[in-house]
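Trainee: Mind having a look at this structure? Questions to follow.
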């Protein structure tokens, strides 16, 4: 699997996983990519905003021109290079 396939898989996996729980995420995007040749694993860091992280008063801030999002959430998706299957989704430390 190449880097583009790993990123596409990580983004789709993250979207699907959160959607399956009824959670809504916004602004999902790539942050970092790393390949671990010894473990034959891709580590793809994705970032997004979650609705429940939006601060109170965000609507007023949006009207004033400030972005209506709270802090960004970062997760690391590990993908097996041989199978292309995501094996974990963890908080980025």
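Trainee: Tell me the residue from 61, 38, 80 that is over 24 Å from residue 12 (Cβ atoms) and at pLDDT 95 or above, please. Lay out the reasoning, then the answer.
Mentor: On the way: 61 fails: at pLDDT 95 or above; 80 fails: over 24 Å from residue 12 (Cβ atoms).
The conditions single out 38.
Trainee: Just the residues that are touching a residue at least 24 places away in the same chain (Cβ under 8 Å) and assigned to a strand (DSSP E or B), please, taken from region 7-45.
Mentor: 25, 26, 27, 31, 33, 35, 41, 42, 43, 44, 45, listed by residue number.
Trainee: Could you look through region 21-44, keep only residues that are within 13 Å of the chain's Cα centre (by Cα) and under 17 Å from residue 85 (Cα atoms), and pick out the one that is surrounded by the fewest Cβ atoms within 10 Å (Cβ to Cβ)?
Mentor: 33
This table checks each residue for (1) at pLDDT below 90; (2) surrounded by fewer than 13 Cβ atoms within 10 Å (Cβ to Cβ); (3) touching a strand residue (DSSP E or B) at 6+ places or on another chain (Cβ under 8 Å).
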| residue | (1), (2), (3) |
| --- | --- |
| 50 | yes, no, yes |
| 57 | yes, yes, no |
| 72 | yes, no, yes |
| 90 | no, yes, yes |
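The values are calculated or read from the model by the stated rules, or taken from the named source; none is laboratory data. As the structure is a computational prediction, the values presented were derived from the model and not from experiment. Neighbour counts are summed over all protein chains in view; Cβ atoms, including those assigned to glycine, are modelled from backbone coordinates with ideal geometry.
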